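Heads up: the structure comes next, in structure tokens.
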Amino acid sequence: MRQAWLSGETASNNRDPLECSHVRVLILSTVLTLTVVGCAGDVEPTRTTWCDNLPRPGNAGLDRVPTPSEWYEVYRVDPGVFAIAEPRQFEEVISFLVLGSDRALLFDTGLNIEPIAPLVGELTDLPVTVLNSHTHPDHVGGNAAFDVILGSASEYATRNAGGFGTEELRGILAPGAVCGSLPRGLDPTAYAIGPWTVTATVNEGDVIDLGERRLEALLTPGHSPDALMLLDRDAGLLFTGDSFYEGPIYVMDTYSDFEEYTESMERIAGLAAELQKLLTAHNVAVSDPDLLHELAAAVRTIRDGSATPEASESDVTTFAFGSFAIMVPDSVAEPR
């Protein structure tokens with residue numbers, strides 16, 4: 001069992017699905033309490049006190065949008081931008097629906113424990129394009145329901161587009177991993193993520209024109225080989241995926257690369273002055289752009305050996321930095 005850190009919040013962390021699908025560290029209350037670390041079938045939080053603090057304070061102040069869904073919470077986080085949150089599963093994943101005048105873009109499709117496509121249809125009648133921040137299972141669950149999907153050209157993303165089977169994903173619905181009842185009609189023994197087809201690839205600097213809204217793709221490998229962010233320069237919005245959120249950030253998996261992550265985050269920090277909001281993929285939908293400077297400084301201190309570890313166990317070292325932490329392999333954390 002690995003000691004982890006997160007001040008007063010529930011952790012939401014991503015392992016690479018091809019190495020160990022959905023390994024998670026879960027902090028259950030305002031104390032440093034860890035439940036279980038393991039592969040998908042081994043993630044069994046023993047209690048659900050993490051539910052008691054929902055909605056998170058950072059989300060409670062957002063503009064909640066009524067929906068017919070019993071699973072999703074939807075927030076209007078900017079004009080024409082909706083955060084679609086799944087707070088009752090302990091990963092607390094958040095997808096974003098961005099509206100233009102001609103098309104909408106769905107940035108990630110969540111876990112799809114309840115199908116996300118009908119909810120998207122309630123929010124917009126525009127044709128929808130999907131783009132994933134990366135292809136870990138908690139961000140691609142609903143991909144198969146959509147016809148137009150943009151994606152990374154990386155071998156990693158291509159392999160993951162084959163989907164994920166029930167056995168790989170069984171920890172997602174393990175005892176204690178969900179607050180309350182599951183959506184009606186869901187058979188947890190058959191939960192799987194179907195394959196999808198990428199209809200066009202996205203490269204660095206590509207612009208997705210939705211009509212009166214242009215989104216620029218920024219490739220940010222490190223957390224995963226196919227990680228990317230979306231930048232809306234006109235509105236000052238940066239959709240960060242799992243490269244940044246308020247919580248422990250995983251940069252220690254088989255397919256993670258700390259040096260790439262450092263380079264990506266130092267580059268992205270240069271955008272902070274242009275931004276109004278960070279729109280992040282777990283826990284809290286909206287964060288302060290100034291945190292990008294803190295993030296870049298944090299990875300530099302880890303790289304140069306001056307950061308002080310919060311915890312180290314199971315070949316992973318955790319460094320705490322205010323509202324976020326960074327988890328790296330012990331080999332990265334060794335003094336230089």
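The values are calculated or read from the model by the stated rules, or taken from the named source; none is laboratory data. Note that this is a predicted model, so its numbers are computed, not measured. Ideal geometry is used to build each Cβ from the backbone, glycine not excepted, and the neighbour counts take in all protein chains shown. Surface areas here come from the heavy atoms of the whole protein model, side chains and all, with no ligands, DNA or RNA. Shrake-Rupley method; radii C 1.70, N 1.55, O 1.52, S 1.80 Å.
Residues whose amide H comes within less than 5 Å of that of SER152, counting only those at least five positions distant or on another chain, are VAL202 (H built at 1.01 Å from N in the peptide plane). Taking packing as the residue-averaged number of other Cβ atoms within 10 angstrom, the listed peptides 129-139, 247-257 run from highest to lowest as 129-139, 247-257. Charge dipole (Cα centre; +1 on Lys/Arg Cβ, -1 on Asp/Glu Cβ; no other charges) of the stretch 191-336 amounts to roughly 220 debye. Would you mind classifying the stretch 63-155 by shape? Square roots of the alpha carbon gyration tensor eigenvalues, ordered a ≥ b ≥ c; an a/c under 1.5 is rounded, otherwise it is prolate if a/b is larger than b/c and oblate if not. Oblate, since a/c reaches 1.5 and b/c is not below a/b. Sequentially through the stretch 311-316, phi angles give Karplus couplings (6.51, -1.76, 1.60; θ = phi - 60°) of 7, 8, 6, 6, 6, 10 Hz, Gly and Pro residues having no value and appearing as x.
May I ask you to give the percent of accessible area on the stretch 59-140 that is carbon plus sulfur, with a probe radius of 1.4 Å? After summing per-atom areas, the C and S share lands at 51 percent. Rounded to the nearest whole Hz, the Karplus-based 3J(HN,Hα) values (6.51 cos²θ - 1.76 cosθ + 1.60, θ = phi - 60°) of the stretch 241-247 follow the sequence x, 8, 6, 8, 7, 7, x, with x at glycine and proline. Going by a ≥ b ≥ c, the root eigenvalues of the Cα gyration tensor, does the stretch 124-163 fall in the rounded group (a/c under 1.5), the prolate group (a/b larger than b/c) or the oblate group? Prolate, because a/c is 1.5 or more and a/b exceeds b/c. For the stretch 206-312, with all protein chains in place and a probe radius of 1.4 Å, 42% of the accessible heavy-atom surface sits on carbon or sulfur. Every Cα-Cα pair in the stretch 220-286 was counted, and those over 18 Å apart are 34% of them.
The charge dipole of the stretch 290-336, taken about the Cα centre with unit charges on the Cβ atoms of Lys, Arg (+1) and Asp, Glu (-1), comes to about 180 debye, rounded to the nearest 20. Each Cα pair under 8 Å and six or more residues apart adds its separation to the average, and for the stretch 237-288 the resulting relative contact order is 54 percent. Converting phi to 3J(HN,Hα) with the Karplus coefficients 6.51, -1.76 and 1.60 and the offset θ = phi - 60°, the stretch 286-293 yields 10, 10, 7, x, 4, 5, 5, 5 Hz in sequence order, with x at every glycine or proline.
Rounded to the nearest 20 debye, the dipole magnitude of the stretch 262-321 is 140 debye, with +1 charges on Lys and Arg beta carbons, -1 on Asp and Glu beta carbons, and the Cα centre as origin.
Legend: residues GLU246, GLU91, sorted from most to least accessible area (1.4 Å probe; ligands, DNA and RNA excluded), read GLU246, GLU91. Each DSSP beta bridge with both residues in the stretch 177-325 is either parallel or antiparallel, and the antiparallel ones are about 75%. Sorted largest first by accessible area at a 1.4 angstrom probe radius, with every protein chain in place, the residues ARG64, ARG213, ARG76, ARG88 fall in the order ARG64, ARG76, ARG88, ARG213. Here the stretch 200-336 is treated as a Stokes sphere of Kirkwood radius computed over C-alpha pairs; at 20 °C and 1.002 mPa s its diffusion coefficient rounds to 140 µm²/s.
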